[in-house]
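Reviewing the structure listed below.
The values are calculated or read from the model by the stated rules, or taken from the named source; none is laboratory data. Fair warning: this is a prediction, and the values are worked out from it, not measured in the lab. Neighbour counts run over all protein chains shown; Cβ positions are idealised from the backbone, glycine included. Remember, those area values only see protein heavy atoms, side chains included, never the ligands or the DNA or RNA. Shrake-Rupley method; radii C 1.70, N 1.55, O 1.52, S 1.80 Å.
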Amino acid sequence: MGSGGVGGLYGGRLASAGCDVTFVARGAHLAAMREQGLLIENATLGNTLVKPVKVTDDPASTGTPDLILFAVKLWDTEAVAKQLMPIAGPHTAVLSLQNGVVKDDILGGIFGQQALMGGVAYVGTHISRPGVINQVGTLQRLVFGEYGYAGGKKSERSEKLLAALLKAGIQAELSDDIRRTLWEKYTFLVGLSGAT
């Protein structure tokens, strides 16, 4: 959910590795993805084209997913999460890659702690033009972990996701304390944003 720099990159990498990914996008980005596919540009790693690409502007048309990769802007979190509730099944996991430390509190209140996985993305990306994600550098690290499901420990679903991410060439790892991991990135961003 959200096919911009972060969602487009990680979803595109997973799709190019053979995972069944449906993107939710809108506007010119949606139209370009439908017509031309999704292109990930990277001067160092080379370009990756996902074509054809499964993309829609209607989450209700996707069926019940195993995983919702949540990558919308923070201010849209609550409204978009409520829009996704009808497609979330009893075993659907929700993994947010948004910045911030309150995102999972909002999502947990809507989807429940059992559905929720916390995540931190370290990547430099943006939509350079409709249908094209530009990734700067080689860093595409993703750290994630469980909250309430499996008592916050590694689970079968988190291990499966880790395997898929690694197969896609993403520098992925499981956190044994995802809340601490989120705060570590938050403090990094606070210091960095003051300087930049």
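Inside region 66-97, can you point out the residues that are under 10 Å from the mean Cα position of the chain (by Cα), in a strand (DSSP E or B) and buried (at least 21 other Cβ atoms within 10 Å of the Cβ)? Can you show your working first?
Just the residues of region 66-97 that are under 10 Å from the mean Cα position of the chain (by Cα), to begin with: 67-72, 94-97.
Now narrow it down to the ones that are in a strand (DSSP E or B): 67-70, 94-96.
I68, L69, F70, V94, L95, S96, listed by residue number.
What residue, among those in region 159-173 that are among the aliphatic types (A, V, I, L, M) and touching a residue at least 60 places away in the same chain (Cβ under 8 Å), is surrounded by the most Cβ atoms within 10 Å (Cβ to Cβ)? Give the derivation first.
We begin by selecting, within region 159-173, every residue among the aliphatic types (A, V, I, L, M); these are 161-166, 168, 170, 172.
Cutting the leftovers down to touching a residue at least 60 places away in the same chain (Cβ under 8 Å) gives us 161, 164-165, 168, 170.
On the way: L161: 24, A164: 17, L165: 21, A168: 21, I170: 20.
Restricting to residues being among the aliphatic types (A, V, I, L, M) and touching a residue at least 60 places away in the same chain (Cβ under 8 Å), the top hit is L161.
Please go through region 174-196 and give me each residue that is surrounded by 14 or more Cβ atoms within 10 Å (Cβ to Cβ) and not in a helix (DSSP H, G or I), ordered by number.
Those that are surrounded by 14 or more Cβ atoms within 10 Å (Cβ to Cβ) and not in a helix (DSSP H, G or I): L174, S175.
Among the residues of region 137-147, is any over 15 Å from the mean Cα position of the chain (by Cα), at pLDDT 95 or above and either among the aromatic types (F, W, Y) or exposed (fewer than 14 other Cβ atoms within 10 Å of the Cβ) (or both)?
no
Return the residues of region 108-126 that are more than 15 Å from the chain's Cα centre (by Cα) and farther than 19 Å from P65 by Cα; say none if nothing qualifies.
G109
When the residues of region 155-173 are narrowed to those that are of a type outside the set (D, E) and outside any helix (DSSP H, G or I), which ends up farthest from the chain's Cα centre (by Cα)?
As a first pass, look at region 155-173 and keep what is of a type outside the set (D, E): 155, 157-158, 160-172.
Okay, now just the ones that are also outside any helix (DSSP H, G or I), so 155, 168-172.
Working: S155: 19, A168: 14, G169: 15, I170: 12, Q171: 14, A172: 12 Å.
Once the filter is applied, the top-ranked residue is S155.
Do we find that P52 is over 14 Å from the mean Cα position of the chain (by Cα), at negative phi and assigned to a loop (DSSP other than H, G, I, E, B) in this structure? Can you show your working first?
Values: over 14 Å from the mean Cα position of the chain (by Cα): yes; at negative phi: yes; assigned to a loop (DSSP other than H, G, I, E, B): yes.
Spelling it out, P52 is indeed over 14 Å from the mean Cα position of the chain (by Cα), at negative phi and assigned to a loop (DSSP other than H, G, I, E, B).
Quick check on region 43-54. Is at least one of its residues surrounded by 21 or more Cβ atoms within 10 Å (Cβ to Cβ) and under 21 Å from Q98 (Cα atoms)?
No, region 43-54 has no match at all.
Quick check on my filter: what residues within region 149-175 are at pLDDT below 90 and touching a helix residue (DSSP H, G or I) at 6+ places or on another chain (Cβ under 8 Å)? Talk me through it step by step, then tell me what you get.
First, the residues of region 149-175 that are at pLDDT below 90: 149-154.
Within region 149-175, Y149, A150, G152 meet the criteria.
Give me a count of the residues in region 174-196 that are under 25 Å from G112 (Cβ atoms) and either aliphatic (A, V, I, L, M) or touching a Phe, Trp or Tyr at 6+ places or on another chain (Cβ under 9 Å) (or both).
So the count comes out to 7.
Out of G18, G63, which single residue is on the phi > 0 side of the Ramachandran plot and open to solvent by 60 Å² or more (accessible area, probe 1.4 Å)? It would help to see each step written out before you state the result.
Numbers: G63 fails: open to solvent by 60 Å² or more (accessible area, probe 1.4 Å).
Sole residue among the options that is on the phi > 0 side of the Ramachandran plot and open to solvent by 60 Å² or more (accessible area, probe 1.4 Å): G18.
Look at A28 and say whether it is in a helix (DSSP H, G or I), in contact with a Pro (Cβ under 6 Å, 6 or more places away or on another chain) and open to solvent by 60 Å² or more (accessible area, probe 1.4 Å). Can you show your working first?
Working: in a helix (DSSP H, G or I): yes; in contact with a Pro (Cβ under 6 Å, 6 or more places away or on another chain): yes; open to solvent by 60 Å² or more (accessible area, probe 1.4 Å): yes.
The answer is yes for A28.
Which pairs do you get when a residue that is more than 16 Å from L95 (Cα to Cα) and free of Cβ contacts under 8 Å to residues at least 60 places away in the same chain, found in region 1-24, comes within reach of a residue that is open to solvent by less than 20 Å² (accessible area, probe 1.4 Å) and not aromatic (F, W, Y), reach meaning Cβ atoms under 6 angstrom, with the pair 6+ apart or on two chains?
Listed pairs, sorted by first residue: A15/V50.
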